[in-house]
Each structure stands twice: as structure tokens, then as C-alpha cells.
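Q: Encoded as C-alpha cells, here's the structure I'll be asking about.
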Amino acid sequence: MNYQDELYNLAKEIDTAVATVAQTARGAEQAPLQWRLPGELGSVTVSGAGELTAVTLEVAELRQYSADALARTLLQGIRDAEQRADQRRGETVAAAVTETGLA
């Protein structure tokens, strides 16, 4: 095999690895993450990209919260879910980079 063929094959391998990582990243961005709120209050769900997609609250538990406390709890839950989704996505992509040999 000549030098040009070796370079061509290497470039194909790199293209395949990059495509695999890109596909993994797209999948990670779409994978939902559900985050439980304190106690039995409910949960928030974000996409793998950290976009809020749902909030589920247990009506019976709402009585235990003032409006301010509920707002703070919900906001913190959303922030925590977004942060965890970002972290999970980063870990997933990093693992794909390592597995494909791009790292």
C-alpha cells in the first residue's frame, strides 16, 4: 500500500470516528433526564440538552410550601436538572471520543 492510500484510509477512519461522536452527541441531547424535587413534591424533566420539557407536581404536597419557597424549590430543581443533563451529555461525548480513538 502506498503512502497516499494509507493517508486516505486514515482519513476515512477519522471521518467515521467523528461521525460516530456526532451521532452520540445528538442522541445525548435528545435523551430526557427526570430530576426529583425534594420530598414528594414532584419532578422536572429536561432534554439531554438541558431544555425544560415538563414539570410534574403533587398537589397534596403544595400545601407545605409558601409561594416563595415553592418558586425557589422549582427554580433550583430546574437548574439542577439542567446542570446534570449538561454533565451527562459531556460524559457521554467524552466516552465516545475515547472509544473511537479520537482522544
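This table checks each residue for (1) of a type in the set (D, E, K, R); (2) touching a Leu at 6+ places or on another chain (Cβ under 7 Å).
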| residue | (1), (2) |
| --- | --- |
| TRP35 | no, no |
| GLU40 | yes, no |
| ALA49 | no, no |
| THR53 | no, no |
| THR56 | no, no |
| THR73 | no, yes |
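Q: Further question: Mind checking whether some residue in the stretch 21-33 is among the aliphatic types (A, V, I, L, M) and not in a helix (DSSP H, G or I)?
A: Looking through the stretch 21-33, at least one residue is among the aliphatic types (A, V, I, L, M) and not in a helix (DSSP H, G or I).
Okay, residues lined up against (1) closer than 21 Å to ALA69 by Cα; (2) surrounded by 11 or more Cβ atoms within 10 Å (Cβ to Cβ); (3) touching a Phe, Trp or Tyr at 6+ places or on another chain (Cβ under 9 Å):
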residue: ALA11; (1), (2), (3): no, no, no
residue: ASP15; (1), (2), (3): no, no, no
residue: GLY42; (1), (2), (3): yes, yes, no
residue: VAL46; (1), (2), (3): no, yes, yes
residue: GLY50; (1), (2), (3): no, yes, no
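Q: Count, please, the residues in the stretch 52-83 that happen to be among the β-branched types (Val, Ile, Thr), open to solvent by less than 50 Å² (accessible area, probe 1.4 Å) and closer than 28 Å to ALA94 by Cα.
A: Residues that pass the stated criteria total 1.
Q: Exactly one of these conditions fails for LEU74: (1) modelled with pLDDT under 95; (2) of a type outside the set (Val, Ile, Thr); (3) out of contact with any Ser or Thr (no Cβ under 8 Å at 6 or more places or on another chain); (4) not in a loop (DSSP other than H, G, I, E, B). Give me its number.
A: For LEU74, the exception is condition (1).
Q: Select from the stretch 84-103 the residues that are open to solvent by 60 Å² or more (accessible area, probe 1.4 Å), closer than 30 Å to ALA11 by Cβ and not acidic (Asp, Glu) and list them in ascending order.
A: Listed by number, the residues that qualify are THR98, LEU102, ALA103.
Q: Going through ALA71, ALA31 one at a time, which residue ends up being among the small types (Gly, Ala, Ser) and within 30 Å of LYS12 (Cβ to Cβ)?
A: Matching residue, one of ALA71, ALA31: ALA31.
The values are calculated or read from the model by the stated rules, or taken from the named source; none is laboratory data. If you're wondering where the values come from, they're calculated on a predicted model, not measured in any experiment. Cβ sites come from the backbone with ideal geometry, for glycine too, and all protein chains shown count toward neighbours. Quick note on the areas: whole protein, heavy atoms, side chains included, nothing else; ligands and nucleic acids left out. Shrake-Rupley method; radii C 1.70, N 1.55, O 1.52, S 1.80 Å.
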